[in-house]
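The values are calculated or read from the model by the stated rules, or taken from the named source; none is laboratory data. Remember, it's a predicted structure, so these values are computed and weren't measured experimentally. Cβ placement follows ideal geometry from the backbone for every residue including glycine, while neighbour counts extend to all protein chains displayed.
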Amino acid sequence: MTIAVFVGSLLLAMAMGIPIAFSLLASGVALMWHLDLFDAQILTQNVIGGADSFPLLAVPFFMLAGEIMNVGGLSKRIVDFALALVGHVKGGLGYVTIMAGCLLSALSGSAVADAAALTALLLPMMVRAGHDKPRAAGLIAATGVIGPVIPPSIGLVIFGVAANVSISKLFLAAIVPGLLIGGALWITWAWLVRREKIVPPPRKSSAEIAAAFRNALWALMLPVIILVGLRMGVFTPTEAAVVAAVYALFVSTVVYREITWKDLYAIFVNAAKTSAIVMFLIAAAMVSAWLITVADLPSKIVGMLQPFMGNQMLLMIAIMVLVMVVGTAMDMTPTILILTPVLMPVVKAAGIDPVYFGVLFIINNSIGLVTPPVGTVLNVVAGVGKISMDDVTRGVVPFMLAEFAILFVMVAFPQLVIVPARWFGG
C-alpha cells in the first residue's frame with residue numbers, strides 16, 4: 001500500500017501537468033499523510049537540507065562552464081579540429097559529430113548543452129553534404145547521450161550525492177564506458193551510410209590539421225587538467241567544477257576573446273536559471289528520499305526482487321529494464337533522485353559494486369534522454385535543428401538500440417567497467 005500511495009500520487013501529479021519538482025513534493029506530502037507523519041517543519045527542513053551539500057556545488061559550476069564553452073568558442077574549435085581529422089572520409093561529418101561529442105562531454109557534462117551545440121554547428125553542414133536530415137539529427141541526439149557519461153558529469157555528481165558513493169571513483173569508472181558508447185555509434189553510422197552517395201570534401205593538409213589542433217589546444221587541455229587532477233588527488237570533483245569554470249572563462253575572454261565583459265551577465269543568468277531548476281529538483285526529491293527510508297520501502301523492493309537476488313546478472317538486467325521503462329516517461333535528474341534511494345539497498349544486499357552499478361545506472365538514464373515520448377534531448381535537437389519530433393525519433397532509433405546493446409554487454413561483462421575503473425583509480 002505504501003508503494004502504491006507514493007507512486008500513485010507522483011504519477012497523478014505529473015498527469016495533471018504539475019512540474020516534476022512540485023510533483024515530488026506532492027508525493028512526499030501524500031506519503032507523510034499515509035504514514036501519519038505530516039509536519040510542515042519536517043518538510044521544510046528536508047527541502048533545505050537536500051540542497052545544502054558541498055558536493056552539489058559542482059552542479060552550478062559545471063553548468064556555468066558549459067555555458068561559457070558554448071558561447072566562448074571552445075565548442076566550435078573542437079568541431080573544427082574533428083573536421084580537419086576525419087571530415088574527408090565517407091560519412092565523415094557523422095564521425096566528426098561522434099568525436100566532437102566525446103570531446104565536448106569531457107568539457108560540460110550536460111547532454112542538453114552538447115546536443116544544442118552540435119545541432120547548431122553540424123546539422124546544417126550534414127544536410128548540405130547530402131545526408132538524410134532525420135538520420136543526421138538522430139545521430140546528434142544519440143551523441144548527446146555521451147555528455148552525462150564521460151566525466152565531468154552532472155548526473156554522476158547527483159547520483160554520488162544521493163547514493164553516498166565516491167564521485168571521483170564514478171568519474172574515473174565512466175571514461176571507458178563512455179568511449180564504448182561512442183564506438184557503438186561509430187560502427188552504427190558506418191553501417192547506415194555505406195550506401196549513401198555522399199561526395200566527401202578533400203582531405204585537409206598536415207598544415208591545416210596542425211593549425212586546427214593549435215586553435216583547439218586550449219579547449220582540449222581542459223579535460224586533461226580535470227582528469228589528471230582527479231586521478232592525482234589535486235582537487236575534488238567540486239573543486240574540479242570550479243577549475244573548469246575559471247579555465248573556460250580565462251580562455252574565452254583572454255585567449256579566444258569571443259566573450260566580452262558585457263556578455264558575462266547573460267551567461268551567468270542562463271547558468272543560474274538552469275542550476276536553480278536542477279537544485280530545486282534535488283531539494284524536493286530529498287523529501288521523498290527521507291520518507292522512502294522512514295517507510296522502509298527498500299526492504300519491500302528487496303522482497304519483490306528476491307527471486308533475482310541469487311544471480312547478480314539477472315538482478316542487474318531486471319533493474320536496467322525497470323530504469324528503461326521509467327526513462328521513457330521521466331527526465332534524467334528526477335529518475336536518479338527517485339530510484340537511487342530505492343535501488344541502492346538492493347544493490348548492496350546483492351553484493352554488486354556500487355560504482356559499477358552507478359555507471360550503468362547513469363548510462364541507462366542518459367539513454368532515456370532520447371527515448372520517446374519525453375526525450376529531452378530529442379526536443380532540443382528538434383527545436384534547434386528546426387525538424388519535427390517524429391523525424392528525430394525515427395532517425396535516433398538505430399543509434400538508441402546500439403547504445404542499449406552496449407549497456408547490456410556491460411551488464412553481461414562487468415569487467416568492461418570494473419577493470420578500467422581500478423586502473424584509472426589506482
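Just so you know, in region 184-229 the residues that are small (Gly, Ala, Ser) and surrounded by fewer than 15 Cβ atoms within 10 Å (Cβ to Cβ) include one that is nearest to ALA106 (Cα to Cα), and it is ALA210. The set of residues in region 233-271 being within 14 Å of GLU67 (Cβ to Cβ) and surrounded by fewer than 19 Cβ atoms within 10 Å (Cβ to Cβ) consists of VAL246, LEU249, THR253, GLU258, ASP263, LEU264, TYR265, ALA266, ILE267, PHE268, VAL269, ASN270. The set of residues from region 87-138 being charged (D, E, K, R) and at pLDDT below 80 comprises LYS90, ASP114. For region 90-102, the count of residues that are part of a loop (DSSP other than H, G, I, E, B), over 20 Å from the mean Cα position of the chain (by Cα) and assigned by TED's automatic domain parsing to the domain that holds ASN215 is nonzero. Do we have any residue at all in region 207-224 that's assigned to a loop (DSSP other than H, G, I, E, B), assigned by TED's automatic domain parsing to the domain that holds LEU85 and not hydroxyl-bearing (Ser, Thr, Tyr)? No, there is no match, as no residue in region 207-224 is assigned to a loop (DSSP other than H, G, I, E, B), assigned by TED's automatic domain parsing to the domain that holds LEU85 and not hydroxyl-bearing (Ser, Thr, Tyr).
Scanning region 312-339 for residues that are assigned to a helix (DSSP H, G or I) and small (Gly, Ala, Ser), we see that the one that is surrounded by the fewest Cβ atoms within 10 Å (Cβ to Cβ) is ALA318.
Listed here are the residues, each with its yes/no results for (1) surrounded by 20 or more Cβ atoms within 10 Å (Cβ to Cβ); (2) under 22 Å from SER288 (Cα atoms); (3) charged (D, E, K, R).
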| position | (1), (2), (3) |
| --- | --- |
| LYS348 | no, yes, yes |
| ILE367 | yes, no, no |
| VAL381 | yes, no, no |
| VAL384 | no, no, no |
| VAL396 | yes, no, no |
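Within this structure, VAL397 fails the test of being assigned by TED's automatic domain parsing to the domain that holds LEU121, assigned to a helix (DSSP H, G or I), over 17 Å from ARG135 (Cα atoms) and not acidic (Asp, Glu).
Of all residues in region 373-395, those satisfying the criterion of being under 19 Å from the mean Cα position of the chain (by Cα) and either charged (D, E, K, R) or more than 17 Å from ALA120 (Cα to Cα) (or both) are PRO373, VAL374, GLY375, THR393. Evaluating ALA117 against the criteria (1) assigned to a helix (DSSP H, G or I); (2) out of contact with any Ser or Thr (no Cβ under 6 Å at 6 or more places or on another chain) leaves one unmet condition, (2). Would you check if there is a residue in region 79-86 being touching a helix residue (DSSP H, G or I) at 6+ places or on another chain (Cβ under 7 Å), among the aromatic types (Phe, Trp, Tyr), under 28 Å from ILE362 (Cα atoms) and assigned to a helix (DSSP H, G or I)? There is no residue in region 79-86 that is touching a helix residue (DSSP H, G or I) at 6+ places or on another chain (Cβ under 7 Å), among the aromatic types (Phe, Trp, Tyr), under 28 Å from ILE362 (Cα atoms) and assigned to a helix (DSSP H, G or I). The condition of being over 14 Å from PHE280 (Cα atoms), aromatic (Phe, Trp, Tyr), outside the structural domain of LEU339 (by TED's automatic domain parsing) and part of a helix (DSSP H, G or I) does not hold for PHE61.
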